[in-house]
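The values are calculated or read from the model by the stated rules, or taken from the named source; none is laboratory data. In this text, all values refer to a predicted model and were calculated from it rather than measured experimentally. Glycine gets a Cβ as well: all are built from the backbone with ideal geometry, and neighbour counts include every protein chain shown. Surface areas here come from the heavy atoms of the whole protein model, side chains and all, with no ligands, DNA or RNA. Shrake-Rupley method; radii C 1.70, N 1.55, O 1.52, S 1.80 Å.
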Amino acid sequence: MTEKILHKKPNGFIALCAFLVLYIAALVVCCIGAAMLEDMTGAGFYAMLAVVIVCAVWLCIGWLPFMGLKIIKPQEALVLTLFGKYYGTLKGEGFYMVNPFCQAFNPAAKTKLGQSGDVTTEKAPSSNSQGTNMKISLKVMTLSNAKQKINDCLGNPVEIGIAVTWRVTDTAKAVFNVDNYKEFLSLQCDTALRDIVRIYPYDVAPNVDTTGDGLADDGSLRGSSEVVAKRIRDKIQEKVAEAGLEIIEARITYLAYAPEIAAAMLQRQQASAIIDARKMIVDGAVGMVEMALERLSENHTVELDEERKAAMVSNLLVVLCGNKDAQPVVNSGSLY
């Protein structure tokens, strides 16, 4: 299905003025002709009678062309069908005149996407419904899907939510290629999110394939959010291209471990942080001890044998690596 634009320039005002003039003219001719029929005979009578009948018929059905007048606001579109076939799409703000027998068609007119990702559908509109509720918005919109519980590549359950910025680019595909493009988009966002999240760990894990092509990568959901969001966006775009939708951006709005493992993972993170901190303290303490021994040797401040050096190193490491302040003991006796 290919989108077909009906009118590039609004033509509704010209048609409206023409219909009003014809309607008023028919009303005037009908009144004057009916009055003149009383004084006419012969062929003139029948000719005037025919004119009056034509004007009367026009007065009865002259309202039909007004049904073809459509008003389109900025960033709106109206898909029209004629006797079941795709007639065309009105795009661009203005006042248009189309075939009065055309019907607006939008199966997603009563479907609303909530900010929490909930999809609500009211009673389906009838096939002959007209009005602004049948128009398709071309504005940039945001879909904030509800949080999902998904297992990452290590099997850990995580809760994640995304916000997708999207818009309709091809109204014909959006209306005719899928049953309801709003519900279709919401479902594809969920499936694309699952496809991408399951190949990433929550935290960095070495030698885990997160590229999809057999290459090891150190990316993670928490540390590589920009990369993950881009892959989610590309995956959604691939799935909804057939529906005439454009995915502008996808962003992760919520990311956390599932409640059932959150406490255990918190302890794991705390243990990892403590180990890293201890490693840094030990590295610094060893460096300070080496520097102290070198300075003492260079300045010949004191001559220490290997046993005294070992004792000094032990004491310095205890002081520098301890959790609490050390209590000094002053040796007033001989060093040896």
(Q) Looking for something open to solvent by 70 Å² or more (accessible area, probe 1.4 Å) and under 17 Å from Lys139 (Cα atoms) - is there at least one such residue anywhere in segment 84-95? (A) yes
Q | Search result, residues across segment 50-87 that are out of contact with any Phe, Trp or Tyr (no Cβ under 6 Å at 6 or more places or on another chain), farther than 30 Å from Ala26 by Cβ and not acidic (Asp, Glu) | A | Lys73, Pro74, Gln75, Ala77, Gly84, Lys85, Tyr86
Q: Report, by residue number, each residue of segment 171-186 that is surrounded by fewer than 20 Cβ atoms within 10 Å (Cβ to Cβ) and not in a helix (DSSP H, G or I).
A: Asn177, Asp179
Q) Out of segment 190-205, which residues are over 14 Å from Leu255 (Cβ atoms), outside any loop (DSSP other than H, G, I, E, B) and among the aliphatic types (A, V, I, L, M)? A) Ala192
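For segment 139-153, name all the residues that are over 11 Å from Val197 (Cα atoms) and assigned to a loop (DSSP other than H, G, I, E, B).
Looking only at segment 139-153, we keep the residues that are over 11 Å from Val197 (Cα atoms), and these are 139-147.
Those that are over 11 Å from Val197 (Cα atoms) and assigned to a loop (DSSP other than H, G, I, E, B): Lys139, Val140, Asn145, Ala146, Lys147.
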Q: Return the residue satisfying two criteria in turn: it lies in segment 164-187 and is closer than 23 Å to Arg231 by Cβ and polar (S, T, N, Q), and of such residues it is nearest to the chain's Cα centre (by Cα).
A: Thr165
Q | Any chance Lys279 is open to solvent by 20 Å² or more (accessible area, probe 1.4 Å), under 27 Å from the mean Cα position of the chain (by Cα) and modelled with pLDDT of 75 or more | A | no
